[in-house]
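The values are calculated or read from the model by the stated rules, or taken from the named source; none is laboratory data. Just so it is clear, the model here is predicted, and its values are computed rather than measured. With ideal geometry, Cβ positions are generated from the backbone for all residues, glycine too; neighbour counts draw on all protein chains shown.
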């Protein structure tokens, strides 16, 4: 059985789409009909392998709808250069620890738990880099000592911590981006008493050490926004953050430390300031900056907007922002906003739209090499975005299908993925898994995606017991 979703995207953004999506999804296309074939629920079958349990006691957390950095709640997969070495998977464990797993495809090689690491990445042929944020005094959880460690891809050993600067107060979780050669950039909100936060960074050329800390902005920092980071294969890093209600961008060459002047772009007319910010980079040099905007109380509540801006190849300045969606109702979107660029230089953005009370819709949109966005595509009738990554010659997107429910998501119905072909168009949805342990809002969670050494995608996701009281971590490959 195949369910076909059709969305008509009007050039006039004042007109809503069909009842399936009641937010105004703006497109630069004139009028288009977007069709995606979605397989009906069934047990996992080719092209995805049968799910395998990862032998860990601490599965990834439940992806909450009121988290400001929802990407931090998903499993992260990195493979470095495509050689016969393990993939690295990490996720946030209990008590804000990090679980690190070395995989050979779907086979678990080794598991480690770190109380100080906040991010990790595999790079080169057999190396791992972790960004650490140790808390020297448990009475002040915002004050952290940053550092990093180098280890082997099999997680048999990690070197001692090399500190980055001295202890400092940091808002939220420091961010890390690493390319396949080991060039890296770290960034964070530095809390300064009685005045604006600062945006600080440190960088590492491939094979080298992290630089001294550099403050790149010290006034007008929007305290609720997270920092977006991206780095391409040439060591060109992009840092994006909210400043004075606009999206601010810096570019740095990590090999030399050269940094561009700050460039800013205003949100689309009528939209709020950026809050949840991501950066997608690609080898051709084009960069896509995407964000969601919402009022912040205990989390993202109220009307939620989504927007994106393109930085053309060779430029350090973003073009005018484009509205991807404007919130017409109070909603709690679950799963992150994600962005990437394929091998042909086509940018993609995926996010979850609060469509009508009780229903959220996973969406994806693509731009051409000139940075002109087409029409958005609904990936399913109801669900939450997981990941969007570059894989082989195209991209892959994953999501969790859900029944309608409270706060925009309900009972989990299955984990899915879709891949683009050489033409950049997504194929039919592919079922990964639909066997759920939990009930209610628990059970299967939105999946993280990564790439195996053969260039094919790998999915890692949690299957939680009722009330998120334990569960399992599963992995499947295509």
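Results, tabulated for the structure shown:
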{"item": "Residue satisfying condition, being surrounded by 16 or more Cβ atoms within 10 Å (Cβ to Cβ) and either modelled with pLDDT under 95 or in a loop (DSSP other than H, G, I, E, B) (or both), within set 219, 196, 209", "result": "196"}
{"item": "Qualifying position, being within 21 Å of residue 475 (Cα to Cα) and in contact (Cβ under 8 Å) with a residue 60 or more places away in the chain, among 345, 386, 371", "result": "386"}
{"item": "Single condition residue 182 does not satisfy, out of (1) out of contact with any helix residue (DSSP H, G or I) (no Cβ under 8 Å at 6 or more places or on another chain); (2) outside any loop (DSSP other than H, G, I, E, B); (3) within 30 Å of residue 453 (Cα to Cα); (4) in contact (Cβ under 8 Å) with a residue 24 or more places away in the chain", "result": "(2)"}
{"item": "Tally of residues being surrounded by fewer than 24 Cβ atoms within 10 Å (Cβ to Cβ) and under 19 Å from residue 327 (Cβ atoms) across segment 360-374", "result": "2"}
{"item": "Scan of segment 269-281 for residues that are within 29 Å of residue 394 (Cα to Cα) and either surrounded by fewer than 24 Cβ atoms within 10 Å (Cβ to Cβ) or in contact with a helix residue (DSSP H, G or I) (Cβ under 6 Å, 6 or more places away or on another chain) (or both), ordered by number", "result": "275"}
{"item": "Verdict on residue 324 being closer than 30 Å to residue 465 by Cβ and touching a residue at least 60 places away in the same chain (Cβ under 8 Å)", "result": "no"}
{"item": "Residue 77, sole failed condition from (1) part of a strand (DSSP E or B); (2) farther than 18 Å from residue 109 by Cα", "result": "(2)"}
{"item": "Residues of segment 384-432 satisfying the condition of being at pLDDT 90 or above, at positive phi and outside any loop (DSSP other than H, G, I, E, B)", "result": "414"}
{"item": "Residue within segment 352-365 that is out of contact with any strand residue (DSSP E or B) (no Cβ under 6 Å at 6 or more places or on another chain), closer than 20 Å to residue 427 by Cβ, in contact (Cβ under 8 Å) with a residue 40 or more places away in the chain and in a loop (DSSP other than H, G, I, E, B) present", "result": "no"}
{"item": "Among (1) in contact (Cβ under 8 Å) with a residue 60 or more places away in the chain; (2) surrounded by fewer than 19 Cβ atoms within 10 Å (Cβ to Cβ); (3) in a strand (DSSP E or B), the one test that residue 82 misses", "result": "(3)"}
{"item": "Close pairs (7 angstrom Cβ cut-off, 6 or more residues apart or separate chains): free of Cβ contacts under 8 Å to residues at least 24 places away in the same chain in segment 230-254, surrounded by fewer than 24 Cβ atoms within 10 Å (Cβ to Cβ) and in a strand (DSSP E or B) anywhere", "result": "253/236"}
{"item": "Residue match in segment 455-466 (condition: under 23 Å from residue 352 (Cα atoms), modelled with pLDDT under 95 and out of contact with any strand residue (DSSP E or B) (no Cβ under 6 Å at 6 or more places or on another chain))", "result": "no"}
{"item": "Hits in segment 118-156 (condition: touching a residue at least 24 places away in the same chain (Cβ under 8 Å) and more than 23 Å from residue 201 (Cα to Cα))", "result": "125, 126, 152, 153, 154, 155, 156"}
{"item": "Out of 288, 304, sole residue that is surrounded by 24 or more Cβ atoms within 10 Å (Cβ to Cβ) and at pLDDT 90 or above", "result": "288"}
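Listed here are the residues, each with its yes/no results for (1) over 29 Å from residue 86 (Cβ atoms); (2) surrounded by 21 or more Cβ atoms within 10 Å (Cβ to Cβ).
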{"residue": "402", "(1), (2)": "yes, yes"}
{"residue": "414", "(1), (2)": "no, yes"}
{"residue": "424", "(1), (2)": "yes, no"}
{"residue": "456", "(1), (2)": "no, no"}
